[in-house]
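Every number here is computed from the coordinates shown, using simple stated rules; none is lab data. These numbers were taken from a predicted model, which means no experiment stands behind them. Cβ sites come from the backbone with ideal geometry, for glycine too, and all protein chains shown count toward neighbours.
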Amino acid sequence: MDKPRGIRNCNPGNLRWGDPWQGLLAPAKRTDPDFCQFAAPAWGIRAIAITLIAYQDKHHLHTVAGMVMRWAPPKENNTAAYMQAVAHDLGVATGSVIDVHDHAVMAPLVRAIIRHENGPAPTRTGQWYDTVTLDEGLRMAGIVAPRPAKVRPTAVGVAAAAGGTAAAVEAVQQVQPLLQATGQVVTATAGWPQWLRLLGAMLVLVSLGAAGWAWWRQHRAQHAVHAS
């Protein structure tokens with residue numbers, strides 16, 4: 001399947017030659033006599049965004065209808081259908097006031113224009129460009145996506161962390177006497193044969209394991225009671 005002209009030209013808004021856009025192909029590499037050709041899709045996306053910003057800030061167009069009327073005048077386009085398609089993709093009425101400096105508005109607006117200019121892409125989403133490419137073009141136009149808010153620890157999270165620390169302290173307290181006993185055994189058996197000392201150490205380790213297992217079962221039982 002051949003890509004649409006705007007996609008081949010990295011000019012998804014189908015802007016015509018005339019303005020000295022950044023990112024245009026060098027004159028020797030241009031093959032389209034009518035429409036701009038950009039070096040990468042992000043440059044073409046940037047040009048769409050810059051044009052829409054000028055519509056709002058310079059020409060005081062603040063609605064979908066006003067912007068689409070200037071972008072695609074009736075002498076060359078089915079402007080009414082264009083307006084309806086863009087408004088539908090934005091989830092607003094054609095007469096709704098929008099702010100193209102808001103990334104949450106500009107991103108779907110540019111996507112809607114690209115879709116209408118080039119038709120749906122043969123992808124699952126129907127979009128020609130992924131979010132990274134779109135956001136790069138918008139960023140070059142001065143429209144930056146907001147950073148995700150940092151997640152602050154909740155009271156439940158803090159309590160859970162505190163509970164985990166308390167449980168660890170409790171476990172250490174449970175085995176502390178046995179650890180002290182181990183040290184006493186090592187000291188008391190200093191003159192004993194090696195095999196006998198090893199047997200004593202193994203007995204202490206078995207006692208440690210049994211104490212740890214008993215504490216773990218008790219802790220789980222208490223947790224189950226509190227959770228019920």
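Residues 43, 21 in ascending order of nearby Cβ atoms (within 10 Å, fewest first): 21, 43. How big is D, in µm² s⁻¹, for region 1-152 by Stokes-Einstein at 4 °C and 1.567 mPa s if Rh is the Kirkwood radius over C-alpha pairs? For the chosen part, D equals 81 µm²/s. The modelled label-to-label distance between residue 145 and residue 202, using points 7 Å beyond Cα along the C-beta direction, is 6.2 nm. The stretch between residue 16 and residue 75, if pulled fully straight at 0.36 nm per residue, gains 19.7 nm over its current Cα-Cα span.
Taking other Cβ atoms within 10 Å as a rough exposure proxy, 60, 88 sort from fewest to most as 60, 88. Arranged from fewest to most other beta-carbon atoms within 10 Å of their beta carbon, 17, 128 become 17, 128.
Close amide H partners of residue 17, meaning residues 5 or more places away or on another chain with modelled amide H under 5 Å apart, are 35, 36. Ordering of 92-102, 136-146, 64-74 by packing is 64-74, 136-146, 92-102, highest average first (other Cβ atoms within 10 Å, averaged per residue).
Between residue 131 and residue 60, full extension at 0.36 nm per residue minus the direct alpha carbon distance yields a gain of 22.7 nm.
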